[in-house]
Amino acid sequence: MSNDMNDDKLAGLANIEVPEPNVEARRRAIDAGRLAFEAAKARPQKKSAARPQGFGWAERLTSIVSVMKGQWIMDMRIPLGTAAVALLLLPLGYQLYSSTALTPPVLVQDLKVVEKDTVPLDVISSTGNGVVATNNQPEPTKPDAKPVAPPKTGQEVLEGIVDTEASGSDSADLSAATAGVVDGLARKEASPIGGVVSQADEAIAPAPMQSMTMVTQVTTPTGDAFAQFDESPLKIVANEPVSTFSIDVDTASYSYVRRMLEDGYVPEPDAVRIEEMVNYFPYDYAGPDGAEVPFKSSMAVYPTPWNPKTQLLHIGIKGYVPPVGQDTASNLVFLIDTSGSMDEPDKLPLLKRAFGLLIDQLSGNDTVSIVVYAGSAGVVLEPTKATDKTTILAALDNLSAGGGTAGAEGIELAYRLAEQHKIADGTNRVILATDGDFNIGIDDPDDLENFIKTKRDAGISLSVLGFGRGNLDDATMQALAQNGNGNASYISSFREAQKVLVAEVGGTLQTIAQDVKIQIEFNPALVAEYRLIGYETRALNREDFNNDAVDAGDIGAGHTVTAIYEITPVGSGAELVDPLRYGQATTPTTGGTEIAFLKMRYKLPGNSVSQLIEQKVTADLVYGDIAQVSPDMRFAAAVAAFGQKLKGSNYGDMAWDSIKALAQSGRGADSSGYRAEFVQLIDTAKLLVPDTATAQ
């Protein structure tokens, strides 16, 4: 009976579920085993004598200390080893932080809110070192960045040096000090949502990036210099009814901005000159009938795409195109920078190929001279007929970059050659090609500008071609070209060289109208406010319009010029300024239904007295829908909106998709492909400068 009962109990025990292992019990068991093992090693072994069970108090204390010492060493070997490695790498970390070549060449300028919950990581990686902050993360302190233009982004350089796998469980054991050192080094880690995030970004946003709400606008401090200017302000017609400015046909701003965006950087605001961006593109405006009146204007008024309560007054000018076969002789002097900084693929090598394109466009009536400046100035090629292309191209090909930039007679020597071989009733022009170092013989900027003005008045003009990035002194380029009655272009690629020196060579070399000024008077009965979009550096005083001694811009053969005003109709509800309680009467003395009155002054080449053109802006030029105006006007409005958004205008923020749709509607024939390229550039800009919540 008792045996059966025992069998039942055993059978019941066999059915009991085995309990889950207890981690704490397992740890205590292992510790006890370690204590016993250490105690056995610690006590003396006497083969002839038997040891009693247990230890005395002294032995127990000794064994406990010994075991704890062993445990501490085992437990601390990971952090101690990691700390040792980190200390060894500390000099490398400091070098990564301070080295010009490895420091991320970006400045964090403006944080803009992104509506979507997530941002594609290619937005971050495309900027090289975009900083991302998650919710509730403080804005990082921005380190100083040196103004250099590295061949690669900081992200690419760092990724080529350090490539650490995503950390495992051991990383949790790092001490605070060790973690701080390691966080200073760049590592690649797999992102929870795909892509790659630099350690610099992770230090700011260590939490998983599941709800990124901010992305930076980043610019590169390349060392390029731009003239600072404020955006054209809104004007009240009752107070300032007249607007006056000089026309501008420069295109340097657009080609520079395009290159920056394509390289993954947001150009600094002062690099964005909207009038140059708009005027980069050719437009099919109606031209004049003859050379006596060398240009004709086309105008329209239509709804503003970024503000339906205002309107755009669009003024388009087309220059006279000489008949095919008419050849004006040219005396050209190439003044070429051959300093050491020109020794980069997009500088002197590109310059040689660009001038090769220009030489192909010249004829037997043209002569070419070459002057260089670097360690010393010198004549590389005496005036040579353009038909002797072999000699000219050989002289170009033999140029090499090196030395300093102390060419004491560079620009004076170039002008001396131009004067010695001046062509009467022809084009006499110095073409300065440089990466921006203007140490060309006259150090004082005012003296240099006065020197160029004097030569301009003597009939020798100056054009400037900028190359490369890192030294570009755009402000001086603009000043020299304006004072030299020439134009400033930025040659970012061989394709751009083809546009400037082949497709537009007539406008570059042959001037059909000089000192072209525009003045427009708005009717206060119909227009409450206005602002000129762009042309900030071309503004003139009202009295300058009738003063023939005041210099202004020139128009080349076939050139088009576009100017756009945003105007606020009276009673539209879009007025930003309240009318005065005791203001003047708003009924004009003349004008009736005239919206505005346009006046243009110009001089024919070689003349010192200006001619006047006048034209009314009347109600028959008003369109109720932007779709009703020409594709050229829609496209120009899209470029203006693009420039305003990129610059951070105070007067309108149009959504990228809306800008793109407007640009596509105005592409037209686009035989050159420039407009299609612009549409693609909008997509690039959208990645770098996300829409804000107010974008329409």
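Could you tell me the calculated FRET efficiency between E614 and Q498, based on Cβ-Cβ distance and R0 = 35 angstrom, to the nearest 0.05?
0.35
Multiply the residue gap between Q420 and K389 by 0.36 nm, knock off their C-alpha separation, and tell me the result in nm, one decimal place. Don't jump to the answer; show the numbers that get you there.
Values: separation 31, 0.36 × 31 = 11.16 nm, distance 2.16 nm.
My answer for the length gained is 9.0 nm.
Which order do peptides 501-510, 451-460 fall in by mean Cβ count within 10 Å, highest first?
Numbers: 501-510: 20.2, 451-460: 17.6.
Sorting 501-510, 451-460 by mean packing, highest first, produces 501-510, 451-460.
Between A676 and L604, what is the spin-label point distance in nm, taking each point 7 Å from the Cα along the Cα→C-beta axis?
Between A676 and L604, the label points sit 4.3 nm apart.
If packing is taken as the average number of other Cβ atoms within 10 Å across a peptide's residues, how do 385-397, 421-433 rank, most packed first? Intermediate results must be reported in sequence, preceding the final value.
Working: 385-397: 15.4, 421-433: 18.6.
The peptides rank, most packed first, as 421-433, 385-397.
For S330, what residues show an amide H to amide H distance below 5 Å, using hydrogens built from the backbone and excluding near sequence neighbours?
D366, T367, T427
Take A627 and R353, extend 7 Å from each Cα along the Cα→Cβ direction, and tell me the distance between the two endpoints in nm.
4.4
Efficiency by 1/(1 + (r/R0)^6): what FRET value for E543 and A669, r their Cβ-Cβ distance, R0 = 51 Å, to the nearest 0.05? Numbers along the way, then the final one.
Values: r = 43 Å, r/R0 = 0.84.
According to the calculation, E is roughly 0.75.
Which net charge results for the neighbourhood of F229, defined as the other residues with beta-carbon distances under 11 angstrom from its beta-carbon, given Lys and Arg at +1 and Asp and Glu at -1?
Surrounding charge for F229 is -1.
Per residue, how many Å² of accessible area does the stretch 270-350 show with a 1.4 Å probe?
Numbers: 2650 Å² over 81 residues.
With all protein chains present, the stretch 270-350 gives 33 Å² per residue.
Within the set of other residues whose C-beta is less than 11 Å from the C-beta of L532, count the net charge using Lys and Arg as +1 and Asp and Glu as -1. Walk me through the numbers before you get to the answer.
Details: positive: K235, R531, R538; negative: E231, E275, E536, E566.
Every neighbour counted, the sum reads -1.
Residues with amide H under 5 Å of A377's amide H, sequence separation 5 or more or different chain, H placed in the peptide plane at 1.01 Å from N; which?
A408, E409
Can you tell me which of 231-238, 274-281, 664-671 comes out highest on packing, and rank the rest after it, using the mean Cβ neighbours within 10 Å?
The peptides rank, most packed first, as 274-281, 231-238, 664-671.
Among K235/K347; K389/K603; K352/K603; K422/K517, which pairs are too far apart, with a Cα-Cα distance over 32 Å?
K235/K347; K389/K603; K352/K603
Of the accessible area of the stretch 276-357, with the probe set at 1.4 angstrom, what percent is carbon plus sulfur?
53
Can you give the net charge of the other residues whose Cβ lies under 15 Å from the Cβ of L362, counting K and R as +1 and D and E as -1?
Here the charged neighbours net out to -2.
The values are calculated or read from the model by the stated rules, or taken from the named source; none is laboratory data. The shown structure was predicted, so the numbers you read here are calculated from the model rather than taken from an experiment. Here Cβ is always computed from backbone atoms with ideal geometry, including for glycine, and neighbour counts include all displayed protein chains. Quick note on the areas: whole protein, heavy atoms, side chains included, nothing else; ligands and nucleic acids left out. Shrake-Rupley method; radii C 1.70, N 1.55, O 1.52, S 1.80 Å.
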